[in-house]
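These notes concern the structure reproduced below.
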Amino acid sequence: MRTVDQEQHFFCHNKTDVAWEKMSLLRKINRVLLVLLIFMVYLILYSRMHRAPPAPSHTDIRAESGVVGGAVGGAVAEMAEAEEDILVVICAAEERMGAAMTTINSIRSNTEANVFFYIVTLHDTVAYVRQYIEKTELKDIRFKILEFNPKVLKGRVRPDSSRPELLHPHTCLRKALLPLRRAIYLDDDVIVQGDIQDLYNTKLKPGHPAAFASDCDLPSEVVRTMGMQTTYMGFLDYRKLEVRELGINPSDCSFNPGVFVADIETWKRQKITKHLETWMQQNFKNNLYSSAMSGGVATPPMLIVFHGKFTTLDPIWHVGHLGWSPDTQYSEASLNEAQLLHWSGRFKPWDYPCVHMELWEKWYVPDPSRRFTLVRPNS
């Protein structure tokens, strides 16, 4: 006869097994692909070191290229390789498809630069991505769809039943083309009000593989409501010896991984991806940071690996945490000056309640299939 603890362990263990077997559930989890994509970008960048593709049977990602109504395949690959192209990587989760398309539309509408989008999604969502693009004003964008296979996630993260939607942080990608010297990653809860060319041209300090937005640069009223979530203490478990041995001051300012510019050569030279993988494995073994405490397992390894060696983005290129509270309003001046707005947090601009929804909705492209709809007070 099992004890209560044994019953709970048995239940959680079997619940986890079922979750891995039913990978279709990933399509119903709002945040999973956002977390996946952060680490996907790391490995795409790292893949530049591995020119030879793996055997097809081991492919974790499949690329489908296109300029809707125009060339596909090799022609698109050639365009993506142009030095003047700005590569933007973004995720397109099924339940947040309208969000990703809004981000894309805000970028294309505010620049004359040549932008090439890498759009990452699951197999069952590829057709949805294409339809959204083909049947809307986005039909002129240049893009490549990266089809992600979530089965490779099994065994790479420690289950945490308190926040199951944040448990999918990492996988190994062995096949992707990224020949450019740098790339931009954006979460799908972002709109770009400025020229993406300016963000792309961010000058990184010598030896810095990436530029992030420091949480020290948040407005004071936002910092007060966020508490420890603006410092390393809010993400790492300082009760663990491995964390304390890092020598990182727990009051050091954290940074936001939802927007960053990466220098590929420096990233490769410093073996950033290998270090990130190491810390993911360490957490799997020793549970160095809980997803409940840190809001997911994507940010902490980045905070560790990039501590002291990232360039800080100009604050106007990341006015963030607009989704932290449905009540905290930003000043009109700061919103107008902002080149990029980020609704990081639980309260998203396509949902309700949320602050400053009208700024996001300005770039919203309605879903031609009507699967993605806005939630508003009168809806």
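Before moving on, here are some points about what is shown:
- In sequence order, calculated HN-Hα J values of the stretch 90-107 (Karplus, 6.51, -1.76, 1.60; Hz; x Gly/Pro): 8, 9, 10, 7, 4, 6, 10, 4, x, 5, 4, 5, 5, 4, 4, 5, 5, 5
- Put simply, the amide H of Leu186, placed in the peptide plane, has neighbours under 5 Å in Val89, leaving out anything fewer than 5 places away on its chain.
- Seen from all directions on average, the stretch 248-378 presents a Cα convex hull projection of 11.2 nm².
- The trypsin sites (Lys or Arg not before Pro) of the stretch 275-379 that meet both conditions, a loop assignment by DSSP and at most 13 other Cβ atoms within 10 Å of the site Cβ, are Lys362, Arg370, Arg371.
- Contour excess over end-to-end distance, with Cα ends at Thr373 and Asp252 and 0.36 nm allotted per residue: 39.6 nm
- With neighbours defined as other Cβ atoms within 10 Å of a residue's Cβ, the residues Ser334, Ser214 order from fewest to most as Ser334, Ser214.
- Residues in the stretch 249-262 carry Karplus couplings, in order, of 5, x, 8, 4, 5, 7, 9, 9, x, x, 9, 7, 10, 10 Hz; the curve used is 6.51 cos²θ - 1.76 cosθ + 1.60 with θ = phi - 60°, and Gly or Pro positions show x.
- Average Cα contact separation per residue, the stretch 228-359, under 8 Å, 6 or more apart, as relative contact order %: 20
- Exposure proxy order (Cβ contacts within 10 Å, fewest to most) of Met302, Met233, Met97: Met233, Met97, Met302
- Amide H contacts of Ala210: Asp263, Thr311, each under 5 Å away and 5 or more positions distant or on a separate chain (H built 1.01 Å from N in the peptide plane; Pro and chain starts excluded).
- By the beta-carbon count within 10 Å of each Cβ, the least crowded to most crowded order of His208, His318, His356, fewest first, is His356, His208, His318.
- Amide H contacts of Leu146: Glu64, Ile119, Val120, Thr121, each under 5 Å away and 5 or more positions distant or on a separate chain (H built 1.01 Å from N in the peptide plane; Pro and chain starts excluded).
Each value in this text was obtained by applying a stated rule to the coordinates, not by laboratory testing. Note that the coordinates shown come from a computational prediction; the quantities given were computed from them, not determined experimentally. Here the Cβ is made from the backbone with ideal geometry for all residues, glycine too, and neighbour counts use every protein chain on show.
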